[in-house]
Amino acid sequence: MKKKVHILAVDDEPIIGESIAYVLEAPHRTVAVAKDGQEALALAEKENFDVVITDHRMPRSGGLELVRKLRQRKYDGKIVVLSAYLSPENIGTYEELAVDEVVSKPFDSTELRDIIADLEEDI
């Protein structure tokens, strides 16, 4: 039996967060949704997530700030950045912060499932 994998999807567009949850839901997974980095950090204080999937551009607290704060808190789970708005500099910064994957929006459902399945092998 597979380990239960807890995923947090962070996106300011509710339809995107819910779409990620729909695509990734499985008997061995749970998917929570947050609308920005602040809400994601609050949820991460209450629950241990194995994977965080975050958008880059969000109000209040964007993806870079979220990833920096997670790393400061010694979060060692997997991080996937899912965004349509990434400059080469932003991608470089995410790489320095050791994110596991950077995926462009619009995302392909099968590609996202495959990425998460690959990451689950190391969880």
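Does region 36-65 hold any residues that are in contact with a helix residue (DSSP H, G or I) (Cβ under 7 Å, 6 or more places away or on another chain), assigned to a loop (DSSP other than H, G, I, E, B) and not hydroxyl-bearing (S, T, Y), and which are they? D55, H56, M58, R60, G62 - these are the residues of region 36-65 that are in contact with a helix residue (DSSP H, G or I) (Cβ under 7 Å, 6 or more places away or on another chain), assigned to a loop (DSSP other than H, G, I, E, B) and not hydroxyl-bearing (S, T, Y). Suppose the filter is charged (D, E, K, R) and over 13 Å from the mean Cα position of the chain (by Cα); does K35 pass it? Here the answer is no, as K35 does not meet what is asked.
Against the criterion of being in a helix (DSSP H, G or I), of a type in the set (A, V, I, L, M, F, W, C) and out of contact with any Cys (no Cβ under 8 Å at 6 or more places or on another chain), L82 does not qualify.
Taking the conditions (1) outside any strand (DSSP E or B); (2) surrounded by fewer than 18 Cβ atoms within 10 Å (Cβ to Cβ); (3) in contact (Cβ under 8 Å) with a residue 24 or more places away in the chain; (4) at negative phi in turn, A98 satisfies each one other than (4). Taking region 62-95 on its own, how many of its residues are among the small types (G, A, S) and surrounded by fewer than 18 Cβ atoms within 10 Å (Cβ to Cβ)? Counting residues in region 62-95 that are among the small types (G, A, S) and surrounded by fewer than 18 Cβ atoms within 10 Å (Cβ to Cβ) gives 3.
To keep it simple, each residue is scored yes or no on (1) in contact (Cβ under 8 Å) with a residue 24 or more places away in the chain; (2) not β-branched (V, I, T).
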| residue | (1), (2) |
| --- | --- |
| E25 | no, yes |
| A34 | yes, yes |
| A40 | yes, yes |
| K46 | no, yes |
| V52 | yes, no |
| E65 | yes, yes |
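We did not get these values from a lab; they are worked out from the coordinates using the rules stated. A quick note: this is a predicted structure, and the numbers were derived from the prediction, not measured. When we count neighbours, we look across all protein chains shown, and the Cβ atoms used for this are built from the backbone with ideal geometry, even at glycine.
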